[in-house]
Amino acid sequence: MSVPKILILIGVLCAIVGKFSLVAAAFRESFRRGLRVLLVPIWTLIFIIQSWEEAKQPLLCMVVGLVLVGSGLVMGRDELSQDKNVAQVYALLPFIFGGRSGSTPAPEKKEETPEQRHERVKADFARDAADLKAKYDALQVQWAGVKGDPARRAAFDKEAAVYAELRKKVEAEKAEAESPIASISH
């Protein structure tokens, strides 16, 4: 196990101990206060402010844990970005420090190669061209029902504008899909 992972593990454990010590201190004052601190993150802050003497040691333990986790993440950011288990650590942090639980960092987006981009553009073009054909057929049917009705004409004009935008997009995709791979830029 590497040093960053050890720091993160110790930090998470320290933060968990601090959080549970804080909850225990709140339960010692009253059952209601303990439930509030356990279940509602803002009450943790309120408890810390109102009961500083009981809360300062658990808070210190939580802060030390946070510093250790942060240090481990900074030290091993390259190594840890490849580790899928780090997402579990990220998922624990909001629970420990209050806030939304279950949030994980966004995965890094991998750069696509020119060949992959060309294949994606060709697939997008095929899909959008089929949508364009279906939209054109629907507009033909809709146009037949307009017959001087201003409301229907306004609806038709809106759909025709959407069709025109889609057509521009399809034409651009067609040009890119038909171009050689080497000329496709990011």
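Values quoted throughout were computed directly from the atomic coordinates according to the rules given, and no laboratory measurement underlies them. Just so we're clear, the structure is a prediction, and the values are computed from it rather than from any experiment. Quick reminder, even Gly has a Cβ in these numbers, built from the backbone with ideal geometry, and neighbours come from all protein chains shown.
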Label points 7 Å out from Cα along the Cβ direction at residue 60 and residue 141: separation in nm?
7.4
Rounded to the nearest 0.05, what FRET efficiency is calculated for residue 46 and residue 3 with R0 set to 30 Å and r the Cβ-Cβ distance?
0.20
Would you list, by chain and number, the aspartates and glutamates whose Cα falls below 20 Å from the Cα of residue 5, excluding same-chain residues fewer than 8 positions away?
78, 79, 83, 108
Between region 8-47 and region 127-186, the alpha-carbon center distance in angstrom
58
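Taking R0 as 22 Å, what's the FRET efficiency between residue 133 and residue 112 from their Cβ-Cβ distance, rounded to 0.05? Display every interim value, and only then the final one.
Values: r = 28 Å, r/R0 = 1.26.
The computed FRET efficiency comes out at 0.20.
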Region 20-45 residues near the modelled residue 53 label - backbone nitrogen below 17 Å, point 7 Å along Cα→Cβ
25-30
Cα-projected label distance for residue 171 with residue 71, points at 7 Å along beta-carbon direction, nm
6.2
